[in-house]
1. Can you name every residue in region 132-164 that is out of contact with any Leu (no Cβ under 7 Å at 6 or more places or on another chain), closer than 14 Å to V121 by Cβ and touching a residue at least 40 places away in the same chain (Cβ under 8 Å)?
2. Does A153 count as among the small types (G, A, S) and either open to solvent by 10 Å² or more (accessible area, probe 1.4 Å) or within 18 Å of G255 (Cβ to Cβ) (or both)?
3. Return yes or no: is A321 under 21 Å from the mean Cα position of the chain (by Cα), at pLDDT below 95 and open to solvent by less than 40 Å² (accessible area, probe 1.4 Å)?
4. I'd like the full set of residues that are closer than 23 Å to V276 by Cα and not hydroxyl-bearing (S, T, Y), limited to region 64-83.
5. I want to confirm something. Restricting to region 13-53 and keeping residues that are β-branched (V, I, T) and open to solvent by 50 Å² or more (accessible area, probe 1.4 Å), which single residue is nearest to R266 (Cα to Cα)?
6. May I ask you to verify whether E280 is among the acidic types (D, E) and surrounded by 21 or more Cβ atoms within 10 Å (Cβ to Cβ)?
7. For region 139-169, give me each residue that is in a helix (DSSP H, G or I), of a type outside the set (A, V, I, L, M) and within 18 Å of the chain's Cα centre (by Cα).
8. Any residue at all in region 288-299 that's touching a residue at least 60 places away in the same chain (Cβ under 8 Å), surrounded by fewer than 19 Cβ atoms within 10 Å (Cβ to Cβ), under 21 Å from the mean Cα position of the chain (by Cα) and farther than 20 Å from L140 by Cα?
Amino acid sequence: MQGIVTRQGRVALEQLETPTVREGHILVRTEFSAISPGTELSIVKRAPEQSVNLGYSAVGIVERVGEGADAGLLGKRVACYGAPYVHHAERLAVPTNLTALVPDSVAAEEAAFGGLGAIAVHALRVARLSFGESVAVVGLGILGNLIAQIAHAAAYRTFGIDLDRARVEQLKQLGVKTVYEEEARLEEAMTALTGGIGVDAVIVCASGPGERLLNKTLQWIRPQGKVVVVGDVTMEFSRELLFAKEAQMLISRAGGPGRYDAAYERDNCDYPIGYVRWTEGRNLGEYIRLLSEGRITTKPLVTGIYPLAQAPEAYAGSPGALATLISY
């Protein structure tokens, strides 16, 4: 089978072995996989001489079921999340903990972004918002856009900011109206709509030098508010500002509990729901539910769909590319 790899800063197609199906895993024939621009492009930039698989979010049809997995999954469409089991390839062997059934009402193209959807859901869980509270999302790429859409669907008072006018307008068209290009306008809106106390949380989806940005977020939050870092920003910030607000500076890691735990992923041992309510797999399922109920959408965000044979062109992209799919 073919898959997408990177080596020495280049993206290429390579013949890969069809994976074996372990106990609790399923074999999926890939329909679409989603490119994660931030994560994957950073991997390409630092790729070694040996080939590295790219990707972690896909959708496809179950072709084979391993021992211990539900035979009823055969022939069903599932969203899949999590490297090394999920990557850009024609066949994927995935633990069922890292999959979610996709109903007929959800387009495969939207389900392919399930990995990013799970990451977005988990970021909001890390913020621990309650009904009636407010959140500002900084950076409105595909991930920031999804976080803002989900926050809006959950009835949190949602603000957003991005320097790219097109991204701001796109989120407005999806129902989030308090979105801005300029910090001054964002600050005016937050002051007016929170009664001057500040937002309850800020979720940072930007990347790059973080000191000025993180210090700004500490000014925007209320006393004992939270800043949740999702993007790849450097972690310099003012202790004085953090102390003055008795604020929390938090990191959101991937799609939720279970990520990077071999027992949960490789061995497919789920956590008891009474102890871990929201795992990465359950967060993936919630993303699919939100799509099925029409509460969020990725359709307007897709700026390119490339057949597998054109993978290098997909990564070269175009200016303003937001969400890119590989088709199989």
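1. Those that are out of contact with any Leu (no Cβ under 7 Å at 6 or more places or on another chain), closer than 14 Å to V121 by Cβ and touching a residue at least 40 places away in the same chain (Cβ under 8 Å): V137, G144.
2. yes
3. Against the criterion (under 21 Å from the mean Cα position of the chain (by Cα), at pLDDT below 95 and open to solvent by less than 40 Å² (accessible area, probe 1.4 Å)), A321 qualifies.
4. Scanning region 64-83 gives G68, A69, D70, V78, A79, C80, G82, A83.
5. Filtering region 13-53 for residues that are β-branched (V, I, T) and open to solvent by 50 Å² or more (accessible area, probe 1.4 Å), the one nearest to R266 (Cα to Cα) comes out as T20.
6. Yes; evaluated as a whole, the condition is true for this residue.
7. G144, N145, Q149, H152, R167
8. Yes, because at least one residue in region 288-299 is touching a residue at least 60 places away in the same chain (Cβ under 8 Å), surrounded by fewer than 19 Cβ atoms within 10 Å (Cβ to Cβ), under 21 Å from the mean Cα position of the chain (by Cα) and farther than 20 Å from L140 by Cα.
The values are calculated or read from the model by the stated rules, or taken from the named source; none is laboratory data. If you're wondering where the values come from, they're calculated on a predicted model, not measured in any experiment. Cβ: placed from backbone, ideal geometry, glycine included. Neighbour counts: every protein chain shown. Ligands, DNA and RNA are stripped out before the accessible areas are found, and what is left, the full protein with its side chains, is counted by its heavy atoms. Shrake-Rupley method; radii C 1.70, N 1.55, O 1.52, S 1.80 Å.
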